[in-house]
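Written below as structure tokens is the structure these notes are about.
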Amino acid sequence: MNFRPKLIATDLDGTIVAHYGAISQRTIDVIRKANDLGIHIFFVTGRPPRWMPEIKDAFGIGSAICGNGAMLYDLHAGVVLEEWLIPVDAQLQAVKKLRSSIPGISFAVESHEYFHREKSYVARWDIGLDNVGVERIEEIMTSPALKLLARCSEQELSSDEMLAIAMVELDGIVTVTHSNPHESLLEISTLGISKGATLAKMAGRLGIDAQDCVSFGDNPNDFSMLEWCGRSFAMADGHVDGANHAKGVALPHTEDGVAVILEELIQLPSRP
């Protein structure tokens, strides 16, 4: 017999947040209802905390895992609770290896309170946050970082092509993934950190097994989370490989795919 989940974990962009920034009222309503039933809600995202106020305002509930698993963030108090950062030596190793293996690559580095980039790194979302830039990112790599970003600004390679190279080059040094196949952008975290690893840690603290967790996601940075949860759904309009890592497929995010499934799951009986 299927039971109601005890924990819901969902990615944001391309999963419950449309690419034009909107969240449907249907999605907001069902996630709030799940919370009212005592189900733990986790928004698990690659976003840094500075991009989370709209999520707080939209839902008013839930916990946040940011930076692809690198940070546990109190969404409502605006406080970093825990973080797992990339050591400086690992940052430097990763940059050195990627410079030699991917021509034309450039870098940015961020934590919850800063975003620094190379002049050659074309920012898409944090435009204006670092107007000057540095010639080489190694100049400002003096402290542990939440995330290292690597981009082919001329889009010589796709994100998938970059990831295939980086997973070999950076094996045993850092964790590398991506959240957008069209941006020629890699997202790098400290070794062993992923959405799935941190979600498993949080569920364990709550005494919740994987079988009682359900997750939703659309891109490779979600795959670890989709694999870990007992029930998981890749978005139909997400990455082509999503279905290989999830237990099922949800309707496109533009058709409220997450809400459609949650409306059914929360009607199930709770586990005795």
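Please go through the stretch 136-156 and pick out each residue that is surrounded by fewer than 16 Cβ atoms within 10 Å (Cβ to Cβ) and under 19 Å from residue 102 (Cα atoms).
The answer is 136, 154, 155, 156.
What single numbered condition from (1) assigned by TED's automatic domain parsing to the domain that holds residue 11; (2) over 27 Å from residue 22 (Cα atoms) fails to hold for residue 252?
Only one criterion in (1) assigned by TED's automatic domain parsing to the domain that holds residue 11; (2) over 27 Å from residue 22 (Cα atoms) is unmet by residue 252, namely (2).
Given (1) crowded, with 19+ Cβ neighbours inside 10 Å; (2) closer than 30 Å to residue 207 by Cα, where does residue 81 come up short, assuming only one miss?
Failed condition: (1).
Would you point out the residue of the stretch 41-78, among those that are over 19 Å from residue 188 (Cα atoms) and in contact (Cβ under 8 Å) with a residue 60 or more places away in the chain, that is surrounded by the fewest Cβ atoms within 10 Å (Cβ to Cβ)?
63
Is it true that some residue in the stretch 98-107 is modelled with pLDDT of 95 or more, within 21 Å of the chain's Cα centre (by Cα) and under 18 Å from residue 194 (Cα atoms)?
no
Being more than 25 Å from residue 84 (Cβ to Cβ) and either outside the structural domain of residue 136 (by TED's automatic domain parsing) or within 17 Å of the chain's Cα centre (by Cα) (or both) is the filter here; which residues of the stretch 149-190 pass it?
Once the filter is applied, which keeps residues that are more than 25 Å from residue 84 (Cβ to Cβ) and either outside the structural domain of residue 136 (by TED's automatic domain parsing) or within 17 Å of the chain's Cα centre (by Cα) (or both), the stretch 149-190 yields 160, 181, 182, 184.
Search the stretch 168-226 for residues being among the charged types (D, E, K, R) and in a helix (DSSP H, G or I), and hand back the single one that is farthest from residue 249 (Cα to Cα).
Here the answer is 169.
Return only the number of the condition from (1) surrounded by 19 or more Cβ atoms within 10 Å (Cβ to Cβ); (2) in a loop (DSSP other than H, G, I, E, B); (3) not charged (D, E, K, R) that residue 262 does not satisfy.
(2)
Residues of the stretch 245-256 being at negative phi and either in contact with a His (Cβ under 7 Å, 6 or more places away or on another chain) or touching a residue at least 60 places away in the same chain (Cβ under 8 Å) (or both), which ones?
253, 254
So residue 212 clears everything in (1) modelled with pLDDT under 95; (2) in the same structural domain as residue 42 (by TED's automatic domain parsing) except one condition, right? Which one?
Going through (1) modelled with pLDDT under 95; (2) in the same structural domain as residue 42 (by TED's automatic domain parsing) one by one, residue 212 breaks only (1).
Going by the conditions given, is residue 214 in contact with a strand residue (DSSP E or B) (Cβ under 9 Å, 6 or more places away or on another chain), of a type outside the set (Lys, Arg), within 20 Å of residue 42 (Cα to Cα) and free of Cβ contacts under 8 Å to residues at least 60 places away in the same chain? Full working, then the answer.
Numbers: in contact with a strand residue (DSSP E or B) (Cβ under 9 Å, 6 or more places away or on another chain): yes; of a type outside the set (Lys, Arg): yes; within 20 Å of residue 42 (Cα to Cα): yes; free of Cβ contacts under 8 Å to residues at least 60 places away in the same chain: no.
No: the conditions fail for residue 214.
Quick test of your reading of the structure: residue 166 fulfils all but one of (1) hydrophobic (A, V, I, L, M, F, W, C); (2) closer than 24 Å to residue 226 by Cβ; (3) touching a Phe, Trp or Tyr at 6+ places or on another chain (Cβ under 8 Å). Name the failing condition by number.
All conditions are met except number (3).
Quick one: which helices (runs of 4 or more DSSP H) sit completely within the stretch 22-130 and have at least 2 residues that are of a type in the set (Lys, Arg) and not assigned by TED's automatic domain parsing to the domain that holds residue 225?
In the stretch 22-130, 88-101 are the helices (runs of 4 or more DSSP H) which contain 2 or more residues that are of a type in the set (Lys, Arg) and not assigned by TED's automatic domain parsing to the domain that holds residue 225.
The values are calculated or read from the model by the stated rules, or taken from the named source; none is laboratory data. Small disclaimer: the values here were computed from a predicted structure and weren't measured. For neighbour counting, all protein chains shown are included, and Cβ atoms are generated from backbone atoms with ideal geometry for every residue, glycine included.
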